[in-house]
1. Which of the following residues is at pLDDT below 95 and out of contact with any helix residue (DSSP H, G or I) (no Cβ under 7 Å at 6 or more places or on another chain): 79, 36?
2. Which residue, of 188, 214, is farther than 21 Å from residue 23 by Cβ, touching a Ser or Thr at 6+ places or on another chain (Cβ under 8 Å) and surrounded by 20 or more Cβ atoms within 10 Å (Cβ to Cβ)?
3. Of all helices (runs of 4 or more DSSP H) completely enclosed by the stretch 56-169, which ones contain at least 2 residues that are of a type in the set (Ser, Thr, Tyr)?
4. Among the residues that make up the stretch 145-163, is at least one of them closer than 24 Å to residue 208 by Cβ and either touching a Phe, Trp or Tyr at 6+ places or on another chain (Cβ under 6 Å) or in contact (Cβ under 8 Å) with a residue 24 or more places away in the chain (or both)?
5. Looking at residue 51, is it assigned to a loop (DSSP other than H, G, I, E, B), among the hydroxyl-bearing types (Ser, Thr, Tyr) and either over 22 Å from residue 114 (Cα atoms) or touching a residue at least 24 places away in the same chain (Cβ under 8 Å) (or both)?
6. Starting from residues that are closer than 18 Å to residue 26 by Cβ, of a type in the set (A, V, I, L, M, F, W, C) and over 17 Å from the mean Cα position of the chain (by Cα), keep the ones in the stretch 136-161 and report whichever is surrounded by the most Cβ atoms within 10 Å (Cβ to Cβ).
7. Sort out which residues of the stretch 183-225 are at pLDDT 90 or above and not in a helix (DSSP H, G or I), and write them in order of number.
8. Looking at (1) out of contact with any Leu (no Cβ under 9 Å at 6 or more places or on another chain); (2) in contact (Cβ under 8 Å) with a residue 40 or more places away in the chain; (3) surrounded by fewer than 19 Cβ atoms within 10 Å (Cβ to Cβ), find the lone condition where residue 178 falls short.
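The values are calculated or read from the model by the stated rules, or taken from the named source; none is laboratory data. Because the structure is predicted, anything quoted here is derived from the model rather than measured. Note: ideal-geometry Cβ built from the backbone for every residue, glycine included; neighbour counts use all protein chains shown.
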Amino acid sequence: MNSLRWKYISTFGKFSISVPIALTTYTGFVLFDEQLSLQGLLAAVGIFFLSAGASALNQVQENKWDLLMPRTSKRPLPLKAFSSLTAFSILFIFLFLGSICLYSFGGWALFWGWMGVLWYNGIYTPLKRWSAFSVFPGAVVGVIPPIAGWIAAGGTLLDVRLHFLGLFFFLGQMPHFWLLVLKYDDQLKAAGFPTITQVMSKQRINQINLVWFLATFLSVLFLPVFDLIRHQFLSWIVIFSSLFMMGWSVYMTCQLLNDNTSMVVRKLFIHFNTFYLWVMILIVLDQVI
């Protein structure tokens with residue numbers, strides 16, 4: 001397989017997004033299983049492929065709008081890099097492989113994996129065309145992969161730790177989505193998508209986003225309370241990291257209010273998502289030491 005074709009396949013499945021989603025699944029698995037294992041990796045691989053399949057299906061659903069935006073016009077379908085048959089074959093393979101991996105953990109793990117696909121492609125994707133507030137149901141998508149990992153490891157939905165883990169991932173999805181909207185606002189409007197900037201000013205959005213940031217970082221402070229972080233040393237790392245990010249997000253938001261450039265938005269987006277990865281690493285590390 002040549003590098004160009006691989007690039008098109010990875011773009012079609014949004015591997016750069018599917019890998020972090022798989023990591024949230026692994027976090028959920030390890031949190032219940034309390035050990036690193038190949039089974040956890042298998043669950044993560046299953047969600048990776050389902051996420052890739054959902055992303056590919058999303059591009060099929062939004063192909064005519066992807067043509068209208070510079071950031072999406074170089075995707076495989078707008079470029080006609082794939083035939084329709086090839087696109088649907090790749091999409092099917094992604095979904096099939098993900099389903100096989102998750103079914104090895106039982107029907108409920110497969111159910112939650114497919115719940116993510118159905119929610120993303122059946123609810124969030126169509127709603128983006130109709131509402132600037134589609135971000136709220138869209139944020140639910142980020143909660144489902146860690147649930148799938150937890151269930152695959154043998155956990156139940158009644159555990160309070162899972163509820164709080166889900167809250168942590170839900171809170172972080174809101175600023176994640178709104179930062180993307182701020183970054184690509186003009187392109188989204190040109191393609192006919194309703195955006196939150198048509199409802200309120202960018203300054204107000206940044207102010208509200210700060211509340212979401214602070215809520216996310218505040219939730220991290222409670223990870224030791226709900227036994228998601230149990231070791232004292234790691235608890236202090238979590239606390240100091242969260243407090244630092246609170247101060248940093250206030251500083252960056254002040255910068256955005258004075259200079260709402262894409263570079264500042266990009267920096268905030270990258271650092272916020274890096275913090276999420278850092279917290280997941282600490283959660284996993286806490287379970288295995």
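1. Answer to the check: 79.
2. The conditions single out 188.
3. 84-103
4. Within the stretch 145-163 (the criterion being closer than 24 Å to residue 208 by Cβ and either touching a Phe, Trp or Tyr at 6+ places or on another chain (Cβ under 6 Å) or in contact (Cβ under 8 Å) with a residue 24 or more places away in the chain (or both)), the answer is no, since none of the residues qualifies.
5. Details: assigned to a loop (DSSP other than H, G, I, E, B): no; among the hydroxyl-bearing types (Ser, Thr, Tyr): yes; either over 22 Å from residue 114 (Cα atoms) or touching a residue at least 24 places away in the same chain (Cβ under 8 Å) (or both): yes.
No: the conditions fail for residue 51.
6. Filtering the stretch 136-161 for residues that are closer than 18 Å to residue 26 by Cβ, of a type in the set (A, V, I, L, M, F, W, C) and over 17 Å from the mean Cα position of the chain (by Cα), the one surrounded by the most Cβ atoms within 10 Å (Cβ to Cβ) comes out as 152.
7. Those that are at pLDDT 90 or above and not in a helix (DSSP H, G or I): 222, 223, 224, 225.
8. (3)
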